[in-house]
1. Please list 3J(HN,Hα) in residue order for region 52-67, calculated via the Karplus relation 6.51 cos²θ - 1.76 cosθ + 1.60 where θ = phi - 60°; whole Hz, with x for glycine and proline.
2. Which FRET efficiency value, to the nearest 0.05, do you get for SER33 and ASP81 by plugging their Cβ-Cβ distance into 1/(1 + (r/R0)^6) with R0 = 30 Å?
3. Can you tell me which of ALA65, ALA30, ALA114 moves the most in a GNM of the chain? Springs connect C-alpha atoms under 10 Å apart.
4. Give me the compactness ratio for the chain, meaning the Cα radius of gyration over 2.2 N^0.38 Å.
5. Under 5 Å between amide H atoms, partner at least 5 residues away or on a different chain: which partners does CYS116 have, H built in plane at 1.01 Å?
6. Return the distance in nm (one decimal) between the two label points of a simple spin-label model at ALA117 and LEU92, each offset 7 Å from Cα along Cα→Cβ.
7. Taking 0.36 nm per intervening residue step and subtracting the Cα-Cα distance, what contour gain separates GLU107 from PHE47 on full extension?
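Readers should treat all values here as calculations from the given coordinates under stated rules, not as data from a laboratory. Here the structure is a predicted model, which is why all the values come from computation and not from measurement. Here the Cβ positions follow ideal geometry from the backbone for every residue, glycine too, while neighbour counts run over all protein chains shown.
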Amino acid sequence: MCLFTLMSIALAGTVVIEVEGSDAVRVRAASGSVHLPACRGVMWERFVSENEGFEAISGPTCGRAEPALKVGQDGHLFPFDGVLPPPPETGLFVVRPVVVVGEKCRENQPFWLAGCAVVRREFGPNLVIRPGG
């Protein structure tokens with residue numbers, strides 16, 4: 001699978017989302033640290049031209065609940081793990097990462113039990129994927 005970058009970095013309020021390598025994004029805290037769900041901390045959406053918008057992509061199922069990931073300024077790497085349908089005529093998909101971010105969360109708790117003061121979603125840079133290429 002080959003990834004091309006339309007934008008290499010997305011700056012959000014609390015996180016920086018950077019394309020790293022050909023099939024991953026690195027999520028960094030803009031300052032201090034934030035928490036992400038341990039399973040599917042980064043989800044993916046694909047652009048659907050018929051709807052002129054993005055739709056969620058299926059990903060791997062989650063196992064048992066793990067403590068939320070604490071992400072600092074060094075960041076955490078998330079590979080593309082979405083399941084794509086057969087390619088369109090162009091043979092390309094436009095996708096973007098969606099990151100669920102929690103601020104001021106309790107340590108060593110699953111994300112939904114961590115009592116985060118703020119929870120938001122942040123969108124990363126658009127990527128172009130050529131399946132099998």
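1. Each residue's phi maps through the Karplus curve to give 6, x, 9, 10, 4, 9, 5, x, x, 6, 8, x, 5, 5, 10, x Hz.
2. That pair, SER33 with ASP81, gives E of 0.80.
3. Sorting by GNM fluctuation, first place goes to ALA65.
4. 1.07
5. ARG106
6. A separation of 4.3 nm, rounded to one decimal place.
7. Gain in length upon complete extension: 18.1 nm.
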